[in-house]
Each structure stands twice: as C-alpha cells, then as structure tokens.
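Take a look at the structure below.
The values are calculated or read from the model by the stated rules, or taken from the named source; none is laboratory data. From a predicted model like this one, the values you see are computed outputs, not experimental measurements. All Cβ positions, glycine included, derive from the backbone under ideal geometry; neighbour counts span all protein chains shown.
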Amino acid sequence: MKKTTDSRRGSSRVGIDERVLVPKEDEKLKINEDLLNFTLTGLLPRGMKIYGNDKNPDPSVFSDKMWKELEVLTAFDCFESLLEEITKNLPAWR
C-alpha cells in the first residue's frame, strides 16, 4: 500500500496501490462464487465443512451469535484459521 494525501481534506491516508485493484491486461479477476453467494445470501453451499469449533474466547467482545457466524466463515479456505487467529490475538480484536 502506498500513502496518499487527500487534497480535499489535506490529510494523509493509506490507500490501496492501484496495481492491486487493476489486473494486468491478460489477467482476469477471479471471484470465489461460493463466497460471493454466501456473502449475498448467508447460505453455505451443500457439503461445505465448518472448521471452527473453538469456544468463544471473550463473550464481552463477540456475542454468541457473532461467534457462530465467524465459525461459519471458516468453511471457506481463506477464513479457515480465522478463529485461531482471533484467539491468539484477542487484544487486537477488542
């Protein structure tokens, strides 16, 4: 990421480097259709395994409902270790 200046406000902010958002001419953006469908509908595709079964490390930070939703996210490869990471770095999530 590169640091940019917002000329309208005169403040510095961290922006996403344009190369991250714009694919090369011969590349296509790939979208995980299952993750997109889950994001839009909240429904997991049949047969997906939920990896999260960790106990809620701090109910004052994560409600039971929120923790269950985070567990569901672990069905996707990109979130497989999410609960483990939250538990290891709990102060950062407070």
Residues in region 45-94 that are part of a loop (DSSP other than H, G, I, E, B), buried (at least 17 other Cβ atoms within 10 Å of the Cβ), of a type outside the set (F, W, Y) and modelled with pLDDT of 85 or more: how many? 3
Any idea which of (1) modelled with pLDDT of 80 or more; (2) surrounded by 10 or more Cβ atoms within 10 Å (Cβ to Cβ); (3) of a type in the set (S, T, N, Q); (4) farther than 22 Å from W93 by Cα is the one T41 doesn't satisfy? (2)
Please enumerate the residues belonging to region 61-94 that are of a type in the set (S, T, N, Q) and over 25 Å from N37 (Cα atoms). T87, N89
